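Readers should treat all values here as calculations from the given coordinates under stated rules, not as data from a laboratory. Given the structure is predicted, the values throughout are model-derived calculations rather than measurements. Don't worry about glycine lacking a Cβ; one is built from the backbone with ideal geometry, like all the others, and counts go over all protein chains shown.
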Amino acid sequence: METKRRIIESALAEFGYEGFQGASIAKIAKQSGIAKSSVYSHFSSKEEIYVAVLDGIVSFCRRLVDQFEEDTHEFHARERLHHALNNIYYTASQQRYMILFWHKCLMSPPEVIEHKVREKTDTINQLFKSYYQSIIEAGIQKGEINSPFTSNQLSSMFQGLVQSVLLGQVMDKETPADEMLNHLFTYYWNGIHPSFVAWTSTNLVKEL
């Protein structure tokens, strides 16, 4: 099991940097410190290794969500969502290989196993979306969230924010990460409530 774990860890880095086409079993074996023939004792192909890496990420994400739930289940909905955004960002910043691999999975999955890869990336996306939606639904029931949007819409909006942060599309390198995350979350939180929605709609109509 130790050798298999080393292969998967090395493959994560190799696929993350080189992509599926650029990676090779020979390179993965070298990174693992084992003979190429030893890799075939655990995996029959590069495709199988790729799927094993993705399975590892699915398991990692499940553990992460379980930990979030355990740590924050008694918190206010606002604090729980803010906690999720911050911790996903900082966890990702410590898992560079995983993020590189994840981006490549979404943007250019291997054609030969594309259907299987899509299924697993969809599983991860749905895992987090379901977690956000459960927080939002509990917040609505407790009166912590009062919004004209549905829980499904609110969780989709939040997931979009998280994904944008992970892709680096909304992070300003000149602003400290904590400050930027606070700004982004505050904008999301204020934006989902009726007063802000009404103000935005009124001003848009005036501009038109």
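Subtracting the Cα-Cα distance of residue 66 and residue 37 from 0.36 nm times their residue separation leaves 6.7 nm of extension gain. Here the extension length gained between residue 134 and residue 152 equals 5.5 nm, from 0.36 nm per residue of separation less the Cα-Cα distance.
Taking the charge dipole of segment 1-137 about its Cα centre, with +1 at Lys and Arg Cβ atoms and -1 at Asp and Glu Cβ atoms, the residue from 87, 109, 65 reaching farthest to the positive side is 109. Take each peptide in 69-76, 10-17, count the other Cβ atoms within 10 Å of every residue, and average; sorted highest first, the result is 10-17, 69-76. FRET efficiency for the pair residue 76 and residue 175, taken as 1/(1 + (r/R0)^6) with r the Cβ-Cβ distance and R0 = 25 Å, rounds to 0.45. Here are several values of mean projected area of the Cα convex hull in nm²: (1) 11.9; (2) 14.5; (3) 10.9. Which one was derived from the coordinates shown? Answer label, from the structure shown: (2). When only Cα pairs below 8 angstrom with a gap of at least 6 residues are kept, the chain shows a relative contact order of 21 percent. Placing R0 at 25 angstrom, the Cβ-Cβ distance between residue 26 and residue 47 gives a FRET efficiency of 0.95 after rounding to 0.05. Straight-line cross-link reach from residue 46 at under 20 Å between alpha-carbon atoms covers these aspartates and glutamates, not counting any fewer than eight positions away in the same chain: 2, 9, 14, 18, 55, 111, 114, 119. Estimated purely from DSSP H runs of n ≥ 4, each contributing -39500 (n - 2.57), the mean residue ellipticity at 222 nm for the chain is -26000 deg cm²/dmol once divided by its residues.
Only the Cβ atoms of Lys and Arg (+1) and of Asp and Glu (-1) were treated as charged; on that basis the dipole of the chain about its Cα centre amounts to roughly 560 debye.
Listed from fewest to most Cβ neighbours within 10 Å, the set 88, 28, 99 follows the order 99, 88, 28. Cross-link pairs exceeding 30 Å between alpha carbons, from the set 36/129; 27/129; 120/142; 27/120; 30/104: 36/129; 27/129; 120/142. State, to one decimal in nm, how far the label point of residue 3 lies from the label point of residue 119, with both points 7 Å from Cα in the Cβ direction. About 2.9 nm separates the two model spin labels.
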